[in-house]
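Trainee: Sending over a structure as structure tokens; questions will come in a sec.
The values are calculated or read from the model by the stated rules, or taken from the named source; none is laboratory data. Because the structure is predicted, anything quoted here is derived from the model rather than measured. Glycine gets a Cβ as well: all are built from the backbone with ideal geometry, and neighbour counts include every protein chain shown. Remember, those area values only see protein heavy atoms, side chains included, never the ligands or the DNA or RNA. Shrake-Rupley method; radii C 1.70, N 1.55, O 1.52, S 1.80 Å.
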Amino acid sequence: MNTESCFIVSDLHLGSAHFYHRNFLAWLDALPVGAQLVLNGDIIDEPCRSLPDAHQAVLERLVGESHKRPVVWVRGNHDAEFELAESGQIQFGNSWEIEQRLLIVHGDRLDKMMSKHGIFKWLFRRFHRIRVLLGFQNIHVAAYAKRWSLLYQAFSKHVANNALRAARRRGFAAIVCGHTHAAMDLEYEGYRYFNTGSWTEKPLHFLEVAPD
């Protein structure tokens with residue numbers, strides 16, 4: 001039986017100019033003592049690039065938190081190959097489970113849509129960068145993609161449906177993902193799907209799992 005709450009966030013994208021690092025640090029400050037923290041993928045934006053000092057401080061804070069509370073880092077598609085020189089007590093994995101109550105996965109492995117359209121994804125990102133260089137609003141590429149609402153809704157629903165099937169197949173009542181940058185709470189045939197959105201655009205989201 002769990003005696004402490006668990007807090008789940010995803011898609012911080014440390015290194016991105018769009019990461020709300022001050023808000024995240026304030027959120028960390030407010031976490032209850034002893035509560036578990038699960039970082040559900042894409043915590044780092046581009047692992048091969050050095051982090052700005054402010055974002056490096058967030059990373060060091062997460063390592064520090066691991067000495068005070070359980071910290072789990074579920075790998076996503078952006079940070080799958082990321083290695084910390086000093087990781088403290090952080091536990092790394094491709095998924096995390098809270099008994100049979102909740103399965104925690106980033107969601108990239110449930111995404112069969114974008115993986116089949118790599119050229120389109122590359123072109124879309126390049127087009128977005130050109131727009132920014134031309135002086136258009138500099139927002140995160142996911143926030144820009146949401147302007148094509150029908151396409152983005154189809155993508156989000158695709159991941160959600162695959163997640164619900166994964167939860168049912170593995171015997172979990174609920175599943176939580178990130179990856180899509182679209183916060184959601186769905187229930188279908190007795191199974192629950194949550195998505196914790198991202199920390200690159202507001203509103204900012206997290207999921208709290210209360211103890212049994």
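Trainee: Of all the stretches in the chain, which is the longest one without any exposed loop site, taking GluC sites (Glu not before Pro) in a DSSP loop (any state but H, G, I, E, B) with at most 10 other Cβ atoms within 10 Å?
Mentor: On the way: sites that count: Glu81, Glu83, Glu86, Glu99, Glu189.
Result for the longest clean stretch: 100-188.
Trainee: Heavy atoms only, 1.4 Å probe, whole protein assembly: order Cys177, Cys48 by accessible area, highest first. Please report the intermediate quantities before stating the final value.
Mentor: On the way: Cys177 0, Cys48 140 Å².
So, going from the largest accessible area down, we get Cys48, Cys177.
Trainee: Just read off the accessible area of Lys112 with the full protein assembly in place, 1.4 Å probe, to the nearest 10 Å².
Mentor: Rounded to the nearest 10, that gives 110 Å².
Trainee: Moving to a separate point now. Ordering Leu134, Leu84 from largest to smallest accessible area (1.4 angstrom probe), what's the sequence?
Mentor: Leu134, Leu84
Trainee: Give me, ordered by chain and number, the residues 5 or more places off Gly107 or on other chains with an amide H under 5 Å from its own placed amide H.
Mentor: Gly178
Trainee: From the square roots a ≥ b ≥ c of the eigenvalues of the alpha-carbon gyration tensor of the chain, which class results: rounded (a/c under 1.5), prolate (a/b over b/c), or oblate?
Mentor: Numbers: a/c = 1.82, a/b = 1.14, b/c = 1.60.
In terms of gyration-tensor shape, oblate.
Trainee: Still on this model: For the stretch 19-110, run through the trypsin sites (Lys or Arg not before Pro) and keep only the ones in DSSP coil with at most 16 other Cβ atoms within 10 Å of their Cβ.
Mentor: Counting only loop positions with at most 16 other Cβ atoms within 10 Å, the trypsin sites (Lys or Arg not before Pro) in the stretch 19-110 are Arg49, Lys68, Arg101.
Trainee: Are there trypsin sites (Lys or Arg not before Pro) in the stretch 139-207 that DSSP marks as loop and that have at most 12 other Cβ atoms within 10 Å, and which are they?
Mentor: Those that pass, being in a loop and sparsely packed, are Arg147.
Trainee: Would you mind calculating the gained length between Ala35 and Lys112 on full extension (0.36 nm times residue separation, minus the Cα-Cα distance), in nm to one decimal? Let's see the in-between values first.
Mentor: On the way: separation 77, 0.36 × 77 = 27.72 nm, distance 3.37 nm.
Taking 0.36 nm per residue and subtracting the Cα distance, the gain is 24.3 nm.
Trainee: Mind checking the full-extension length gain between Ala26 and Arg101? Use 0.36 nm per residue of separation minus the Cα-Cα distance, one decimal, nm.
Mentor: The span from Ala26 to Arg101 would gain 24.1 nm if fully extended.
Trainee: Connecting C-alpha atoms closer than 10 Å in a GNM of the chain, tell me which of Leu25, Leu164, Leu110 has the biggest fluctuation.
Mentor: Leu25
Trainee: Kindly provide log₁₀ I(q)/I(0) values, in the same order as q = 0.27 Å⁻¹, from the Debye equation applied to equal alpha-carbon scatterers of the stretch 39-91.
Mentor: -1.23
Trainee: Turning to a different aspect of this structure: Give me the distance in nm between label points sitting 7 Å out from Cα along the Cα-to-Cβ direction at Leu150 and Ala173, one decimal.
Mentor: Here the answer is 3.9 nm between the modelled labels.
Trainee: Scan around Trp73 for amide H atoms under 5 Å from its own, H built in the peptide plane at 1.01 Å from N, and keep only partners 5 or more places away or cross-chain.
Mentor: Here the answer is Leu39, Gln91, Phe92, Gly93, since their amide H atoms fall under 5 Å of that of Trp73.
Trainee: I would also like to ask the following. For the chain, calculate the relative contact order in percent as a whole number, restricting contacts to Cα pairs under 8 Å that are 6 or more residues apart. Each step should come with its number before you reach the end.
Mentor: Values: 383 pairs, mean separation 58.4, N = 212.
For the chain, the relative contact order is 28 percent.
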